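Beneath this line is the structure, given in structure tokens, with notes to follow.
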Ligand code: AHR
């Protein structure tokens, strides 16, 4: 085994393949033992830099990705606002402890906060003495969070709420099991009538004495009187950098080293109706003052704890460039005429100033008050989502484009119109490209951008995934087709500059879209095979693309790419990625040309595979890594013949060493003929 044999094998194999290629019947005969040759040119002259931004993530508030997901707030509908500004409002999922003999619960518009006027009024009819004695444990309200709160022994939770009453209060604040029977942590808020005669903020730190993944927060009392509650929050103290992001979900994102994060949608940005679209100004400032809104495309309420500021913070924490998608006056059902779109344009300009204006600017100062005087690194914005075909899009788009370029000439603007088949009829720096399709189709779309013009705006493939029967809830089959597509994007990264899978997250209790990259509930998380595919591309952004040509017999469904990349400790690697989308194994030989035989040497490779027993295999909470790459196997140095398993993604990492001539002469055994 060694480098010496490689060119010989490569040569014979190449002759064999060249000879057999024109004869399909012959190719079919060798199916059982398919062969392929990968010709790699590692010389500098034939390589090309891959954009630093190539692979990132798209975070949409869908499937409770944020509210009840990455955003660690445990209380759902913390201001009782889910019904909008109406009375009675929708207090779901709050429920009542006790019955009408003991208490009456209503909502009114007496809140301290102007933008969310609803508060909850609780009239307690029972007492510790007299004819109507309260049940033991008291009466009150509870919030189960998002299908149960994950409370863990030894961890602390900050509970904050606003309270008002006509009398002195004695309120028990507790974290309990879902039936209320097991108390995990509890404390009492005791206050005189004068203390709570006006709205008062109460804060407690509860430390859990037990673990329960489906807990609830209770506010109870056994004292007669009328109490108003508003803006009730329970946050784990332990969040990423205390920025409010659920640690293990954040880590899943950090592990794919996203170079950018597109947010907050998707259709979420558009709304089914404009009145329900995400409007950034309603999502900033103190959390208590945010009105929240009903996302009418994915049909759930969000308190907007994860607002515009937090998205920018998330990007910064991930070391990813923020890509802000804003509403351009168009929803699914209604749209603003171009002559009336200026308020939306101003809103976008203000949003850019909020992100990157200095701390003394109007909106930059609001950001500074929120704790981030330094501007965020906002360089990309997208004008709407999937709105290209709509009547007012071009007109509206141009208003945004002109105004933004006038004020912020360096901002890169992304159009919703597809420019992959021909030039756009309007100026843009990028065009958005979305693809959801079957596995075979996505596999073939690896070549989608081969013929695209290299002039004009670049492509941003901001949403791609295999969907439908091939995908299930995230299958190996879907993931392999996506891997092939990404290999194609890597090869076309002179025109495709950014790409992200969609959707990113799903809370398994509210699956609005299938499949997704990361699945979680209150306490567990796993990556689907599509997530693991993205881990193979972590080193690609900012790497160097090598010229790689695959020669194969006609029946093999293979696609491959090769890059060189530098690790943090300064080492240089060549990574080859090959997708075998066929049902036979393939004997692959690799021929690397373009290395200096006197000074450059390859060691390894380390082989890492993503495959499984069945093509439709999926991961689950019980088998989280059924379809996931292992740690990688180190093959004998210089091994250039590898077997590609049927239906697999294989990566081969070679360490590229520069050796001095003296060493070279002294150690003949390590001689390489590459
Ligand atoms: O990713 C899910 C949805 O698909 C997005 O909200 C939308 O942009 C697309 O139609």
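Please treat every number below as a calculation from the coordinates, not as lab data. On a predicted model such as this, the values are computed, not experimentally measured, just so you know. Neighbour counts are summed over all protein chains in view; Cβ atoms, including those assigned to glycine, are modelled from backbone coordinates with ideal geometry.
Key figures
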quantity	calculated
Residue exposure sequence - 341, 226 - by fewest surrounding Cβ within 10 Å	226, 341
Spherically averaged projected area in nm², based on the convex hull that wraps the Cα atoms of the range 312-394	6.2 nm²
Nitroxide proxy distance, nm - points 7 Å out along Cα→Cβ at residue 631 and residue 453	5.2 nm
Computed over the chain, Kirkwood Rh from alpha-carbon pairs, angstrom	27.6 Å
Cut-off 17 Å (backbone N to label point 7 Å along Cα→Cβ of residue 153), residues of the range 200-222	207-215
The range 489-519-the range 609-656 distance, computed between alpha-carbon centres (Å)	21 Å
Proxy reagent accessibility, fewest Cβ within 10 Å first, across 243, 293	243, 293
FRET E, pair residue 645, residue 571, Förster distance 25 Å, beta-carbon r, rounded to 0.05	0.35
Förster radius 35 Å - calculated FRET efficiency between residue 127 and residue 369 (Cβ-Cβ, nearest 0.05)	0.20
Volume per residue that the Cα convex hull of the range 95-236 spans, once the total is divided by residue count, Å³	102 Å³
Cα gyration tensor category, rounded, prolate or oblate, for the range 516-603 with a/c compared to 1.5	oblate
Angle in degrees between helix 393-407 and the longest Cα principal axis of the chain, rounded to the nearest 10	90 degrees
Overall form of the range 227-309 per C-alpha gyration tensor (a/c, 1.5; a/b vs b/c)	oblate
Euclidean distance of C-alpha centroids, the range 274-296 and the range 395-470, integer Å	28 Å
Volume per residue that the Cα convex hull of the range 450-532 spans, once the total is divided by residue count, Å³	100 Å³
Efficiency of FRET between residue 241 and residue 200 - r from beta-carbon atoms, R0 25 angstrom, step 0.05	0.25
Amide N proximity, the range 161-200 versus residue 110 label position 7 Å along Cα-to-Cβ, cut-off under 16 Å	162-170, 193-200
Computed lengthening from residue 101 to residue 187, 0.36 nm per intervening residue step minus Cα-Cα distance	28.4 nm
